[in-house]
Amino acid sequence: MRSHTDRDATTEIGSALPGLRRASGLPVVFGGAVRATGRVHYTELFGVGTEAIRGLVVLQGRGLGGKAVSMRRPLWVPDYLEAEQISHEYDEAVRAEGLKALVATPIVVGGRERGVLLGGLRRSLTLGDRTVAAFEAAAREAGQRIAVRDEARRREAEARRAQAAAEEPGPASPRWSEVRALNAELRSLAADVEDGALRGRLLEVCARMDAAARARTRPDAPRLAPREVEVLGCVAEGGTNADTAARLGLRPETVKAYLRSAMRRLGAHTRLEAVSTARRYGLLP
């Protein structure tokens, strides 16, 4: 069974192929994720004429793609079947697709090999620097998107652990401060996630955390928006508007607007009064 990290890498590799084909000028582009076993699975293909390459499992260090992954650098050959610097366990699939000139570039994220992008021509040719550079750029961009997914999953896991740890204590527990901080970070991170399903899951976790926090407030507490509570939480910790804006990924003017709205709902005339009132109602730890 594939892990979430495998699926994330596979998704980004598949998304990169159409643009990579245009940028490199190569008619055939393909690739796949490095699984937990260390093997590369070629599952994403664009421009192929057969299914010979789909599902091919490549050992690190073997063939062109496996060697590029193990060496962590781009490799290319003018004629795959005639190349002496690579092993030839996968010649049958390459021959069936009619490929000759090939390039392979690994995707490395946080010091870990996550996948590889390959492209080829059906004729012998020494590939130029421009073509290789297009693959390097595509691998770098895919790696950045995979890193965002990794961070989103890490934050989601942290938030779930914090939520579970905070289920027993009341609103005065310092654990709730951590929960609210993670909630703010998750919302900010979700805005940068392009994958709609993953973004939706992150926001769902945020909503559940908001609901858990509201369950521990006084019944007569004014109803504040999640962002208003987050802004008040930063103010309670001594943050300025600029600090709060940087922490929550907002503009200072937006922070001021949330703060004014929260003060109005709480019937407070100063920032400190707003924090004190919010704590009295159990809206803040």
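Worth a mention:
- Residues of the range 43-57 classified as in contact (Cβ under 8 Å) with a residue 40 or more places away in the chain and either touching a Lys or Arg at 6+ places or on another chain (Cβ under 9 Å) or outside the structural domain of Gly19 (by TED's automatic domain parsing) (or both), total: 3
- Condition check for Lys67: among the basic types (Lys, Arg), assigned to a loop (DSSP other than H, G, I, E, B) and closer than 21 Å to Leu125 by Cα: no
- Scanning the range 101-113 for residues that are in a loop (DSSP other than H, G, I, E, B) and buried (at least 20 other Cβ atoms within 10 Å of the Cβ) yields a single hit, Ala101.
- Here the condition is being in the same structural domain as Met209 (by TED's automatic domain parsing) and on the phi > 0 side of the Ramachandran plot; of Gly267, Gly233, it holds for Gly267 alone.
- Restricting the range 14-50 to residues that are part of a helix (DSSP H, G or I) and over 22 Å from the mean Cα position of the chain (by Cα), the residue that is surrounded by the fewest Cβ atoms within 10 Å (Cβ to Cβ): Arg22
The values are calculated or read from the model by the stated rules, or taken from the named source; none is laboratory data. Just so you know, these numbers come straight off a predicted model, no measurement behind them. Cβ sites come from the backbone with ideal geometry, for glycine too, and all protein chains shown count toward neighbours.
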